[in-house]
Amino acid sequence: MKTWIATLAALGLTAGAALADGHGGLKVGMITTLSGGGAGLGLDVRDGFLLAVKQAGRDDIEVVVEDDQRKPDIAVQLADKMIQSEKVDVLTGIIWSNLAMAVVPSATAQGKFYLSPNAGPSALAGKGCHPNYFNVAWQNDNLHEAAGGYATSAGYKNSFILAPNYPAGKDALTGYKRMFGGDIAAEIYTDLGQTDYASEIAQIRASGADSVFFFLPGGMGISFLKQYADSGVDIPVVGPAFSFDQGILKAVGEAALGVVNTSQWSKDIDNAANAAFVESFQAEYGRLPSLYASQGFDTANLMISAFDVAHPAEDPDAFREALRKAEFDSVRGDFSFASNQHPIQDIYAREVVQEGDVITNRIVGVALENHGNAYVDDCKM
């Protein structure tokens, strides 16, 4: 297990000077996935977050980064260490919803703030909501709801749907079905981390479906898309951005061209903050940002905007209220929180295209406008 401190020479950060002098600096604990099949997601969240801290020029923010190895028990151990030994003020970084469910309730119960740059399980949006828990990305169902709405508008009548068997996978298929107006040919839950999809593709071939919806983030999506393209099955595919981010597209290549996917962020959203983010991320890291990088970037900038108002340990009520106001320049443009502290935002339909030598996404329309989430009324804050 390796620890990264956000004084990384590669980023030129100088965090910790104010902390050492006892002048009320902010200490952030980032637990994310930096190894294994989901490492690309965590790396992008980390890099987007640290880029925002660097650009803010803050020497009073320290970020301690740990690899959860996509294991809930490791994530819990790291969170306990960060809270009890590292004395962090804010936690962030978790990619996977099963890890979030293991860490967030305990962290918030101990008075810590948790700002999610990714995982948004329905259980934490509804009855399990908490005043110290904010999701800066989306509620898990959202992008899948948009995919269901798009599939309906595209005229699909019978979808084969599949996702991994963990909380985000269940939320994904729930979200798709909520907005899809047709029939479900089959609903399949795969193993988390699965890499062989021959059985599922055979079932798709025999299903009579006119469309396929899948949620398979990280390495799972790479494996499925490659195998699906090689199978010769020509049933149209719809998915969320998690299966069509820059890392996956780089690995899959032309097999993904033409697929429509849904996202709350795209590199071609037309606002100044997003244009500057895309340019600076490429300059810093030598690659295009993904939606995960955008979420890490926005999470850090939200946190910094609230820290400018109050320190979470010294005045948690003022810090919390500043978070709720969300007075920062989001790369998504308009951004606000619903009453359960999950985003209200536009969700776009994007098409996978080739721009020069790069396979990437281009916005083709708005799938859902000013969209919140289905669990607001279950949250009794």
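From the largest down, the stretch 270-381 spans 50, 33, 19 angstrom on the principal axes of its Cα atoms.
Express the Stokes-Einstein translational diffusion coefficient of the stretch 139-189 in µm² s⁻¹, to the nearest whole number, given a Kirkwood radius over alpha-carbon pairs, 4 °C and a viscosity of 1.567 mPa s. Using the Kirkwood radius from Cα pairs, D works out to 123 µm²/s. Karplus-derived 3J(HN,Hα) values for the stretch 250-260, using 6.51 cos²θ - 1.76 cosθ + 1.60 with θ = phi - 60°, are 5, 7, 7, x, 5, 4, 8, 4, x, 6, 9 Hz; glycine and proline are entered as x.
Each of TYR166, ALA154, VAL366 was placed along the dipole of the chain (beta-carbon charges, centred on the mean Cα), and the one lying farthest toward the positive end is TYR166. Legend: translational diffusion of the stretch 104-193 by Stokes-Einstein, Rh = Kirkwood radius over C-alpha pairs, 25 °C, 0.890 mPa s; D = 173 µm²/s.
Here LYS250 is the anchor, and the lysines within straight C-alpha reach of less than 30 Å, apart from those fewer than 8 places off in the same chain, are LYS2, LYS54, LYS71, LYS170, LYS177, LYS226, LYS267. With distances taken between every two different alpha-carbon atoms, the stretch 22-115 has a Kirkwood hydrodynamic radius of 13.4 Å. Legend: ranking of residues ARG46, ARG205, ARG332, ARG58 from fewest to most surrounding C-beta atoms inside 10 Å; resulting order ARG205, ARG58, ARG332, ARG46. Semi-axes of the equivalent ellipsoid of the stretch 66-142 are 19, 14, 10 Å, computed as sqrt(5λ) over the eigenvalues of the C-alpha gyration tensor in descending order. Taking every C-alpha pair closer than 8 Å and separated by at least 6 residues, the mean separation divided by the residue count of the chain gives a relative contact order of 17 percent. Dipole of the stretch 218-297 computed with +1 at Lys/Arg Cβ and -1 at Asp/Glu Cβ about the Cα centre; of GLY258, PHE277, GLY221, farthest Cα towards the positive end is GLY221. Ordering TYR166, TYR114, TYR348 from the fewest to the most neighbouring beta carbons within 10 Å gives TYR166, TYR114, TYR348.
Taking max minus min of the alpha-carbon positions on each principal axis, the stretch 245-287 gives extents of 31, 22, 12 Å, largest first. Taking the charge dipole of the stretch 184-317 about its Cα centre, with +1 at Lys and Arg Cβ atoms and -1 at Asp and Glu Cβ atoms, the residue from HIS311, ILE184, ILE235 reaching farthest to the positive side is ILE235. The ellipsoid equivalent to the alpha-carbon distribution of the stretch 89-128 has semi-axes of 14, 12, 8 angstrom, derived from the gyration tensor eigenvalues as √(5λ) and listed largest first.
Relative to the longest principal axis of the Cα atoms of the chain, the long axis of helix 272-285 lies at roughly 90 degrees.
Scalar couplings 3J(HN,Hα) for the stretch 112-119, obtained by applying the Karplus form with A = 6.51, B = -1.76, C = 1.60 to θ = phi - 60°, are 8, 8, 10, 10, 7, x, 7, 3 Hz; x denotes Gly and Pro.
For the chain, the Cβ-based charge dipole about the Cα centre amounts to some 540 debye (Lys, Arg positive; Asp, Glu negative; other atoms uncharged).
Short-range pairs are left out: with C-alpha atoms under 8 Å and at least six residues apart, the relative contact order of the stretch 326-381 is 32 percent. Distant-in-sequence amide contacts of ASP346, defined by a placed amide H-H separation under 5 Å and a gap of 5 or more residues or a different chain, comprise ASN370, HIS371.
Values quoted throughout were computed directly from the atomic coordinates according to the rules given, and no laboratory measurement underlies them. All values derive from a computational prediction rather than experimental measurement. Backbone-built Cβ (ideal geometry, glycine too); neighbour counts: all protein chains shown.
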